[in-house]
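A.B. asks: Input: one structure, supplied below.
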Amino acid sequence: MIFCVLYYSYSKTMTKESVFMWNKDKSLILSRILTVAAAIAALITAFFIPAIAEWYEYEMSVEANSVFDRSTMFVPMCVTLYVCDVLALGALWNLHILLRNISREEVFTNRNTACLRRISWICMGVGVVMMIFGLWSSIFIFFGMCALMFGLIMRVLKNVFEKAVEIKSENDFTI
């Protein structure tokens, strides 16, 4: 609501009613804001990873047995969370580039396809890392499978974009 009021105060050509109606430009702005907020959250989380790992090790001590002893879980969990945090920042950076290109009306381009490709590989990387940590805590196998599935969906979306770039290129040469 505050964002709408600020947006309205800076726009002299818009009516009050048009400010409160949702459109593609506002959706794009919201997506960019949420991407930056998620990156800030990921950076802040990095400082608390040891505390999170210690808490998890203590709280989940009654979880079903895994392949490795739960008392040795602290270091692998810290490594897993740091690796996933770095990968998340990489995915958010690619998402930021993708949204920036879309805001410039550059939708079906090879750069956007490359961003989607990198995001899909990052998601698959997170999935693999989490599944390896599943040797200490079995619930992470589920999270790893979810990340792998999301990476696969991003891969399909990348293929759709790649085909759209090809069709756009053919149409640009046809008069």
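The values are calculated or read from the model by the stated rules, or taken from the named source; none is laboratory data. From a predicted model like this one, the values you see are computed outputs, not experimental measurements. With ideal geometry, Cβ positions are generated from the backbone for all residues, glycine too; neighbour counts draw on all protein chains shown.
A.B. asks: For region 41-51, name all the residues that are within 25 Å of Asn94 (Cβ to Cβ) and surrounded by 11 or more Cβ atoms within 10 Å (Cβ to Cβ).
C.D. replies: Here is the first cut: in region 41-51, the ones within 25 Å of Asn94 (Cβ to Cβ) are 41-49.
Hits for region 41-51 are Ala41, Ala42, Leu43, Thr45, Ala46, Phe48, Ile49.
A.B. asks: Which of the numbered conditions does Thr113 fail, given that it passes all the others? Conditions: (1) surrounded by fewer than 16 Cβ atoms within 10 Å (Cβ to Cβ); (2) under 23 Å from Val36 (Cα atoms).
C.D. replies: Unmet condition: (1).
A.B. asks: Please work out if Val107 is farther than 23 Å from Lys163 by Cβ and surrounded by fewer than 16 Cβ atoms within 10 Å (Cβ to Cβ).
C.D. replies: Details: farther than 23 Å from Lys163 by Cβ: no; surrounded by fewer than 16 Cβ atoms within 10 Å (Cβ to Cβ): yes.
No: the conditions fail for Val107.
A.B. asks: Moving on to the next point. Looking at Val62, Val19, can you tell me which residue is exposed (fewer than 14 other Cβ atoms within 10 Å of the Cβ), among the aliphatic types (A, V, I, L, M), over 17 Å from the mean Cα position of the chain (by Cα) and at pLDDT below 90?
C.D. replies: Numbers: Val19 fails: exposed (fewer than 14 other Cβ atoms within 10 Å of the Cβ).
Just one listed residue meets the conditions, Val62.
A.B. asks: For region 25-34, state whether one or more residues are touching a helix residue (DSSP H, G or I) at 6+ places or on another chain (Cβ under 7 Å), at pLDDT below 70 and surrounded by 12 or more Cβ atoms within 10 Å (Cβ to Cβ). So that I can check it myself, show each step before the final result.
C.D. replies: Within region 25-34, the subset touching a helix residue (DSSP H, G or I) at 6+ places or on another chain (Cβ under 7 Å) is 28, 31-32.
Those left that are additionally at pLDDT below 70: none.
So far as region 25-34 goes, no, none of its residues is touching a helix residue (DSSP H, G or I) at 6+ places or on another chain (Cβ under 7 Å), at pLDDT below 70 and surrounded by 12 or more Cβ atoms within 10 Å (Cβ to Cβ).
A.B. asks: Please pick out the residue among Ser103, Ser137, Ser169 that is of a type in the set (Gly, Ala, Ser) and touching a Phe, Trp or Tyr at 6+ places or on another chain (Cβ under 8 Å).
C.D. replies: Working: Ser103 fails: touching a Phe, Trp or Tyr at 6+ places or on another chain (Cβ under 8 Å); Ser169 fails: touching a Phe, Trp or Tyr at 6+ places or on another chain (Cβ under 8 Å).
Step by step, each of Ser103, Ser137, Ser169 is checked, and only Ser137 is of a type in the set (Gly, Ala, Ser) and touching a Phe, Trp or Tyr at 6+ places or on another chain (Cβ under 8 Å).
A.B. asks: For Val67, are the conditions met, namely being of a type in the set (A, V, I, L, M, F, W, C), closer than 23 Å to Gly134 by Cα and either in contact with a Gly (Cβ under 8 Å, 6 or more places away or on another chain) or modelled with pLDDT of 90 or more (or both)?
C.D. replies: Details: of a type in the set (A, V, I, L, M, F, W, C): yes; closer than 23 Å to Gly134 by Cα: yes; either in contact with a Gly (Cβ under 8 Å, 6 or more places away or on another chain) or modelled with pLDDT of 90 or more (or both): no.
Spelling it out, it is not the case that Val67 is of a type in the set (A, V, I, L, M, F, W, C), closer than 23 Å to Gly134 by Cα and either in contact with a Gly (Cβ under 8 Å, 6 or more places away or on another chain) or modelled with pLDDT of 90 or more (or both).
A.B. asks: Would you pick out the residues in region 121-148 that are exposed (fewer than 15 other Cβ atoms within 10 Å of the Cβ) and without any contact (Cβ under 8 Å) to a residue 12 or more places away in the chain?
C.D. replies: Correct list: Phe142 only.
A.B. asks: Name the residue, out of Asn159, Asn171, that is in a helix (DSSP H, G or I), of a type in the set (S, T, N, Q), surrounded by fewer than 18 Cβ atoms within 10 Å (Cβ to Cβ) and modelled with pLDDT of 95 or more. Quick ask: steps written out before the conclusion?
C.D. replies: Values: Asn171 fails: modelled with pLDDT of 95 or more.
Asn159 is the lone residue from the list that is in a helix (DSSP H, G or I), of a type in the set (S, T, N, Q), surrounded by fewer than 18 Cβ atoms within 10 Å (Cβ to Cβ) and modelled with pLDDT of 95 or more.
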